Amino acid sequence: MKGIPLKIFFVVLLTGLIGIAGEIVLKYDIDQLSYNYNKVALKGMENQEYSLKISTMMYQHQALLADHVIAEDMAQKKKYQQQEQELREELKKTFAAFSKRMKGTDKESLYHKVFSDYTSYLTNADIALTLSQNGNDATASFYVNNTLDEFLTDLSEDLTKLEKEIDEDMNNAKERMDYYIWFSKICEFVCVLCIIVAVVICIIYCVKSTADMGQQEKDLKRAMDVQHQTLMAHVEHLMNMQDNIILGMANLIENRDGDTGEHIKRTSQYVEMLAKRAQAAGLYPEILTDTYIELLVKAAPMHDVGKISVPDRILQKPGRLTNEEFEQMKCHAPEGGRIIREVFTDVEDEEYIEIAAQVASYHHEKWDGSGYVAGLSGEEIPLSARIMALADVFDALVSKRCYKDAMSYDKAFQIIEESAGSHFDPQLAKIFLDMREEILEILS
């Protein structure tokens, strides 16, 4: 060291000190930034869960009001009113919890708009209930299907805006983190250079500094891995919650016409087997991808979601429907498509929404064009609906319903065979008939 001019020695020493100080500051900043990002991301996902829960419960509330209006006796009305009060109480608690999360944030004003829509909705809901209790079902129905729809649409739009701002906060936090990580890499490179310059003079210190830097990098990578795993767990939780809501809605609707939910399970199994067999046979290769089949199986339980708009007196009628009742029953197909597009927009993947809406809207269309309600024929009918039609009709034939006894399996397969080319896609029908043994295993 004695042979080094004093000025050079101090420059080298200062360079080393700058490098060390830079590493310390960067480690502290990155740790703080990682903690803040994790906190923002977790809070954002929890806020999105509240938003999704509120949206779902509001549509459930409207459905209960609709059931109350179309109920034919006071006992039913009382039952639906009790359920409506319980759901209203749960909504009240959910809004109270959500309000605390929004208080003092830049999204508080938008939350107040959501709460205002909710309050206006409840005011009109009370009017609808009063009208229904007084026997003014027509006016009450107008409130439920029009006025409350408008408030729900406004509330959904405001919730969507709120969710977008939450997403924007999360994205901004991620961008800031990505930027600082990028910036830290540059700074780290500069710091390393400073340390290397110091090492030329101070070999012993160089070894120690290099070891410390390697440990810091490992700690940072480990922290990032933990954060990634946490975020993935939350995403998986949200996806599972959405799937459970979908199945819950489907089971709720099936239970209205006396089914226990087994129809949904069996038809979903038929759909999956038929789609995979058709894929293996090389049918419609441009459509039947693995992703398409996965989304189709997920969408199958929603095929009769439109029945929520059909009165119990029609769904549970033990005898043959009149022409007027049958026309009303037909409406469940397009209504199902509408409900899916409105409820799941901004919640589910666009491709899933399209497949589910097609299944609900067109599973009663027939190959020869004699089905309802659009009168589509041949390949005009979406492939998803053609597959669903086979599964739905077969299971309906072999199941006991309030208006008929179960048909024998042999007779049901015979009807499928005879209807190939008239009711059903002939190629899909042939594959379905070839699946007889597997189908009987499901039914056993």
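Please go through the range 81-140 and give me each residue that is part of a helix (DSSP H, G or I) and in contact with an Asp or Glu (Cβ under 6 Å, 6 or more places away or on another chain), ordered by number. Matches in the range 81-140: 102, 113, 114, 117. A single member of 392, 349 is of a type outside the set (A, V, I, L, M), under 29 Å from the mean Cα position of the chain (by Cα) and open to solvent by less than 40 Å² (accessible area, probe 1.4 Å), and it is 392.
Could you list, in sequence order, all residues of the range 61-79 that are more than 16 Å from residue 145 (Cβ to Cβ) and assigned to a helix (DSSP H, G or I)? Show your work before the answer.
Within the range 61-79, the subset more than 16 Å from residue 145 (Cβ to Cβ) is 72-79.
The answer is 74, 75, 76, 77, 78, 79.
Within the option set 151, 142, being at pLDDT 80 or above and hydrophobic (A, V, I, L, M, F, W, C) holds for one residue only, 142. Residues in the range 275-323 that are part of a loop (DSSP other than H, G, I, E, B), more than 19 Å from residue 69 (Cα to Cα) and within 26 Å of the chain's Cα centre (by Cα): 286, 287, 288, 289, 303, 304.
Residue count for the range 82-105, restricted to those that are more than 22 Å from residue 166 (Cβ to Cβ) and open to solvent by less than 60 Å² (accessible area, probe 1.4 Å): 3.
All conditions in (1) assigned to a loop (DSSP other than H, G, I, E, B); (2) open to solvent by less than 60 Å² (accessible area, probe 1.4 Å); (3) not charged (D, E, K, R) hold for residue 370, with the sole exception of (2).
Rundown of residues vs (1) buried (at least 16 other Cβ atoms within 10 Å of the Cβ); (2) farther than 17 Å from residue 306 by Cβ, yes/no style:
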site: 335; (1), (2): yes, no
site: 339; (1), (2): yes, no
site: 345; (1), (2): no, no
site: 397; (1), (2): yes, yes
site: 405; (1), (2): no, yes
site: 408; (1), (2): no, yes
site: 424; (1), (2): yes, yes
site: 427; (1), (2): no, yes
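Pairing residues of the range 80-102 that are modelled with pLDDT of 85 or more with residues that are open to solvent by 70 Å² or more (accessible area, probe 1.4 Å) and assigned to a helix (DSSP H, G or I), at Cβ distances under 8 Å and at least 6 apart in sequence or on separate chains, gives 87/60; 94/53.
Name the one entry in 138, 128 that is open to solvent by 20 Å² or more (accessible area, probe 1.4 Å) and of a type outside the set (S, T, N, Q). Among 138, 128, only 138 is open to solvent by 20 Å² or more (accessible area, probe 1.4 Å) and of a type outside the set (S, T, N, Q).
Checking the condition among the acidic types (Asp, Glu), within 18 Å of residue 293 (Cβ to Cβ) and assigned to a helix (DSSP H, G or I), which residue from 438, 417 passes? Walk me through how you get there before you give the answer.
Values: 417 fails: within 18 Å of residue 293 (Cβ to Cβ).
None of the others qualify; the one that does is 438.
Taking (1) at pLDDT below 95; (2) β-branched (Val, Ile, Thr); (3) touching a strand residue (DSSP E or B) at 6+ places or on another chain (Cβ under 8 Å) in turn, residue 416 satisfies each apart from (1).
The set of residues in the range 290-311 being open to solvent by 30 Å² or more (accessible area, probe 1.4 Å) and closer than 21 Å to residue 80 by Cα consists of 308, 309. Within the range 106-121, the only residue that satisfies the criterion of being surrounded by fewer than 16 Cβ atoms within 10 Å (Cβ to Cβ) and either modelled with pLDDT under 80 or under 17 Å from residue 81 (Cβ atoms) (or both) is 106. Residue 419 meets each of the listed conditions (1) under 23 Å from the mean Cα position of the chain (by Cα); (2) surrounded by 15 or more Cβ atoms within 10 Å (Cβ to Cβ); (3) polar (S, T, N, Q) apart from (1).
Matching residues to (1) under 27 Å from the mean Cα position of the chain (by Cα); (2) at positive phi:
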position: 81; (1), (2): no, no
position: 86; (1), (2): yes, no
position: 127; (1), (2): no, no
position: 135; (1), (2): no, yes
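The values are calculated or read from the model by the stated rules, or taken from the named source; none is laboratory data. What you are looking at is a predicted structure, and each value in this text was computed from that prediction instead of being measured. No Cβ is skipped: glycine too gets one built from the backbone with ideal geometry, and neighbour counts run over all protein chains shown. The protein model used for the area step is the full one, side chains on, heavy atoms only, and it has no ligands, DNA or RNA in it. Shrake-Rupley method; radii C 1.70, N 1.55, O 1.52, S 1.80 Å.
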